[in-house]
1. I want to confirm something. Restricting to the range 165-177 and keeping residues that are open to solvent by 80 Å² or more (accessible area, probe 1.4 Å) and without any contact (Cβ under 8 Å) to a residue 24 or more places away in the chain, which single residue is nearest to PRO120 (Cα to Cα)?
2. Restricting the first residue to the range 68-88 and requiring it to be free of Cβ contacts under 8 Å to residues at least 40 places away in the same chain, which pairs with a second residue that is surrounded by fewer than 21 Cβ atoms within 10 Å (Cβ to Cβ) and charged (D, E, K, R) meet a Cβ separation below 7 Å and a spacing of at least six or different chains?
3. Quick test for you: out of ASP97, ASP138, ASP134, pick the one residue that is in a loop (DSSP other than H, G, I, E, B) and open to solvent by 60 Å² or more (accessible area, probe 1.4 Å).
4. List pairs: first in the range 126-143 and free of Cβ contacts under 8 Å to residues at least 60 places away in the same chain, second among the polar types (S, T, N, Q) and outside any helix (DSSP H, G or I), Cβ under 7 Å, 6+ apart or cross-chain?
5. Is it the case that the range 16-25 has a residue that's within 23 Å of ARG219 (Cβ to Cβ), of a type outside the set (A, V, I, L, M, F, W, C) and modelled with pLDDT of 75 or more?
6. Hey, among the residues in the range 69-94 that are open to solvent by less than 20 Å² (accessible area, probe 1.4 Å) and aliphatic (A, V, I, L, M), which one's nearest to GLN208 (Cα to Cα)?
7. Got a number for residues in the range 203-217 being under 16 Å from VAL88 (Cα atoms) and more than 9 Å from the chain's Cα centre (by Cα)?
8. May I ask you to list the residues in the range 186-216 that are free of Cβ contacts under 8 Å to residues at least 60 places away in the same chain, more than 24 Å from VAL122 (Cα to Cα) and charged (D, E, K, R)?
Amino acid sequence: TAIPTRTTHHPVVRLSNGATCRVTQVTPETITIDANGPMAGKALEMDVTVLELEPKAASLQTADFAGGCFWGIELAFQREPGVVVTKVGYTQGDKLDPTYNEVCSGTTGHTEGVQVMFDPKVVSYERLCELLFDRLGDSMYLLNQVGNDRGTQYRHGIYYHDEVQRAVAEETLSRQARFTEVKTEIKPASKWYDGEDYHQQYLQKGGQSAKKEAGETIRCYG
């Protein structure tokens, strides 16, 4: 049956390969079709919670870092190939189940941190330590301060989970020393408390790219 050259609707037809498409325009010489799905070209936004990792998760390793405000340092690690999961939280403190406001008061002993799970076959622990120092810049020489953020809750550190990590962290730190002492602390990993949901992947949710190897400047406040 011929398709009329003047039509007010878009009929759906089946192609010879079995696919269906919608006719969008018909002229005496041509037929224009749209073979895209109904959602093609639409922006899709969703919140995803990691409930379970793949079986190879047993081969993943955990690393804890602190680098000032945890929003920016988390995004830096999100962009690193080989980093599988990141989350922000509080570590190295005394109070049980601290809240963000309590940590910000500087009275709990905690520092804002980021915990990452990474695949050592893709990225080394040494590279992650170097990434921390890259983010810190000259702030590595400041005590209890990163940029304009001051206080013990913003102190920077590497918190190792085993002696291998400790050795790598100390070696990486030793390469940073110039004319003054590096103030980045290296201590055993302690009890970790997840930050509130709204802090997780905060800058990504605010529109900054978390794609691997993304090169856009990280803006710490969205």
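1. Taking the range 165-177 first, the residues open to solvent by 80 Å² or more (accessible area, probe 1.4 Å) are 166, 170-171, 175.
So of that shortlist, the ones also without any contact (Cβ under 8 Å) to a residue 24 or more places away in the chain come out as 166, 170, 175.
On the way: ARG166: 16, GLU170: 18, ARG175: 22 Å.
It comes out as ARG166.
2. VAL84/ASP119
3. ASP97
4. PHE133/GLN176; MET140/GLN176; MET140/THR184; TYR141/THR180
5. Taking the range 16-25 as the starting set, the residues that turn out to be within 23 Å of ARG219 (Cβ to Cβ) are none.
For the range 16-25, residues within 23 Å of ARG219 (Cβ to Cβ), of a type outside the set (A, V, I, L, M, F, W, C) and modelled with pLDDT of 75 or more: absent.
6. The residue in question is LEU75.
7. Keep residues of the range 203-217 that are under 16 Å from VAL88 (Cα atoms), which gives 203-206, 210.
Checking which are more than 9 Å from the chain's Cα centre (by Cα) leaves us with 205-206.
Total satisfying the criteria: 2.
8. Of everything in the range 186-216, those that are free of Cβ contacts under 8 Å to residues at least 60 places away in the same chain, more than 24 Å from VAL122 (Cα to Cα) and charged (D, E, K, R) turn out to be ASP197, LYS205.
The values are calculated or read from the model by the stated rules, or taken from the named source; none is laboratory data. Predicted, not measured: the structure shown is a model, and the values here were computed from it. Counting neighbours? That spans all protein chains shown, and the Cβs are built from the backbone with ideal geometry, glycine included. Surface accessibility is based on the protein's heavy atoms, side chains included, excluding ligands, DNA and RNA. Shrake-Rupley method; radii C 1.70, N 1.55, O 1.52, S 1.80 Å.
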